[in-house]
1. Leaving ligands, DNA and RNA out of it, rank Ser163, Ser278 by accessible area with a 1.4 Å probe, largest first.
2. Suppose accessible area is computed on protein heavy atoms with a 1.4 Å probe; arrange Asp300, Asp120, Asp333 from highest to lowest.
3. With springs only between Cα atoms under 10 Å apart, run a GNM on the chain and tell me which of Gly11, Gly249, Gly126 wobbles the most.
4. For region 244-322, count the residues as N, evaluate 2.2 N^0.38 Å, and divide the Cα radius of gyration by that value, please.
5. At most 16 other Cβ atoms within 10 Å and a DSSP loop assignment: could you name the trypsin sites (Lys or Arg not before Pro) in region 1-76 that fit?
6. Could you please state how large a percent of the accessible area of the chain is carbon and sulfur, counting protein chains only and using a 1.4 Å probe?
7. Determine how large the accessible area of Trp161 is when every protein chain is in place; take a 1.4 Å probe and give Å² rounded to the nearest 10.
8. What's log10 of I(q)/I(0) for region 90-219 at q = 0.15 Å⁻¹, Debye sum over Cα points only, no solvent?
Amino acid sequence: MLETQLETLAGTVRARILAAQTPDELEAVRVEALGRKGTIADISKGMGKLAPEEKARIGKLLNTTKTGLESALAERQQEFAAAALRARLDAEWLDVTLPAAGTRPGSLHPLTQIQQELEDLFTSMGVAVLDGPEVESEYNNFDALNIPADHPARDMQDTFWLSAGQCLRTHTSPVQVRGMARLGPPLLMIAPGRVFRNEEVDPSHEHTFYQLEGMMVDRDVSIAHMLFFMKTLLKHIFRRDVTVRLRPGYFPFVEPGFELDIQCLICNGEGCPVCKQSGWVELLPCGLVHPNVLRMGGIDPEQWGGFAFGLGLTRLVMMRYGIDDIRYLQSGDLRFLRQF
Ligand code: DAH
């Protein structure tokens, strides 16, 4: 009697295990048949009333039925787990060889680009590329460049003064002083870098900008050497021959000093809004190194001469790309930067 009941029970439960479509359904079957208050448990509770030999036989049968069902259950659970894993692998499949979405390669800042380009050019001409500190001594930034204490460049408005006779360099010219000390004559050097002025910021003024200083010291250096050097430089920058002219200009560290103009590249000297109808655009200051500067640099001005120039890298970038507001350059604005 109990045996048949057990066999039928085993049959139905097995069928329900196989028919279960979800882990939840399967769990319901397990609780109902094999749980603490399930059918099998009920049957074993009723065994107390059986005769001892009956008890042994049914007990054994009960056990095999139970383990049989348990393993059928485990097998089905495993099938569900495997199916779930397969579904997940399908859903989360990814092609690791695809390029990542939404990244674009960065690029160098236009100032860095032009600086590196010029460093390459000058290096190929045998010129040393020197670096100097942004925090300079008052001596290197001013005194050694023949800038007297009452010169407007020392005005508190223009210079960021630090403590102990230090300042943020207002130009790259102090690297001339360092260059003379380090290299001695003859020398051919450039020094690109960042400079600082205590300025009100507007479309054409920044407190921080870039210059490229150049200096050549040798025997019998003339203005002709300087002009040739400048023309080579400008031809490279603008990728064409440029007509230049010199106007007198005053800088304490050169004598004579000049402003070098180039013929307007937009109108070829005809006159246009960019050159304000003059046909010429002011490009860079330069001159023959002042004897005092050579002397303070430990170089005998009777034996040696030189020329120097201070190219405004920031201005050059603006001219090259037609940027009309200097503030874009340090804005960090990606809409601006992505154009280069
Ligand atoms: N240091 C000057 C400035 O920032 C620019 C300059 C002028 C540099 C004439 C030179 C030079 O080397 O010869 O205003």
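1. Ser163, Ser278
2. So the residues, ranked largest to smallest area, are Asp120, Asp300, Asp333.
3. In the Gaussian network model the winner is Gly11.
4. Scaled against compact globular proteins, the figure is 1.35.
5. Filter output for region 1-76: Arg36, Lys37.
6. Solvent-exposed carbon and sulfur of the chain make up 54 percent of the total.
7. 80 Å²
8. Debye curve over Cα of region 90-219, log10 I(q)/I(0) at q = 0.15 Å⁻¹: -0.80.
The values are calculated or read from the model by the stated rules, or taken from the named source; none is laboratory data. The structure presented is a predicted model; accordingly, all values stated were derived computationally and were not measured. Because the Cβ atoms are built from the backbone with ideal geometry, glycine has one as well, and the counts that use them run over all protein chains shown. Please note that ligands, DNA and RNA were not included when accessible areas were found on the heavy atoms of the full protein model with its side chains. Shrake-Rupley method; radii C 1.70, N 1.55, O 1.52, S 1.80 Å.
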